[in-house]
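Derivation of every value follows stated rules applied to the coordinates shown; laboratory data play no part. Computed from a prediction, not measured in an experiment: that's the story for all the values here. As a convention, Cβ positions derive from the backbone with ideal geometry for all residues, glycine included, and neighbour counts pool all protein chains shown.
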C-alpha cells in the first residue's frame, strides 16, 4: 500500500486549534482596540468586556486599557440600570431617570476622553475607578 492512500497522521501539529492561533497585534492595532474599549462606553461595559476577551492575549496595551475601561463602566452601567428601574416609581420616578441619564452622560464623556488619550498611545487611568474586576 502506498503512502498516498493513507490519511494524514493526526499528530500534535495537525489540530485545527493550532492553525487558528492569532498573531500579536501591531502597535497601531493595539492602540485602536484600546481606543474602542474606552470610546464605546456609550454602550456600557459590553464593548470593553468584548475587547478584553477577544484581544487580551494579543496586545498588552489593549489588555491594560480594556481592563481599565471595564472596571470604570461596569459599576456605572449597573447604577444606570438600577436607576432606570427605579424610574417607574410613580411621582418620584422621574428623579431616578434624570440621575440615570446624568450617570450615563458622565460615563460616555469620560470614556471618550480616555479614548482620545489611548489613541495617542498614552495609558489612561480614570480618577474614579474601582479597579477590582478582571485583574490577575
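What length, rounded to one decimal in nm, is gained on full extension from residue 82 through to residue 23, with 0.36 nm per residue of separation minus their alpha-carbon distance?
Gain in length upon complete extension: 17.2 nm.
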Here the relative contact order (percent) of the stretch 47-136, from C-alpha pairs under 8 Å and at least 6 apart, is 32 percent
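Subtracting the Cα-Cα distance from 0.36 nm times the residue separation, let me have the gained length for residue 122 to residue 89 in nm, one decimal. Walk me through the numbers on the way to the answer.
Details: separation 33, 0.36 × 33 = 11.88 nm, distance 4.36 nm.
Taking residue 122 through residue 89 to full extension adds about 7.5 nm, to one decimal.
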A correct Kirkwood calculation over the Cα atoms of the stretch 24-136 returns a hydrodynamic radius in Å of 14.2 Å
Simple SL model, points at 7 angstrom along Cα→Cβ for residue 106 and residue 131; separation in nm is 1.9 nm
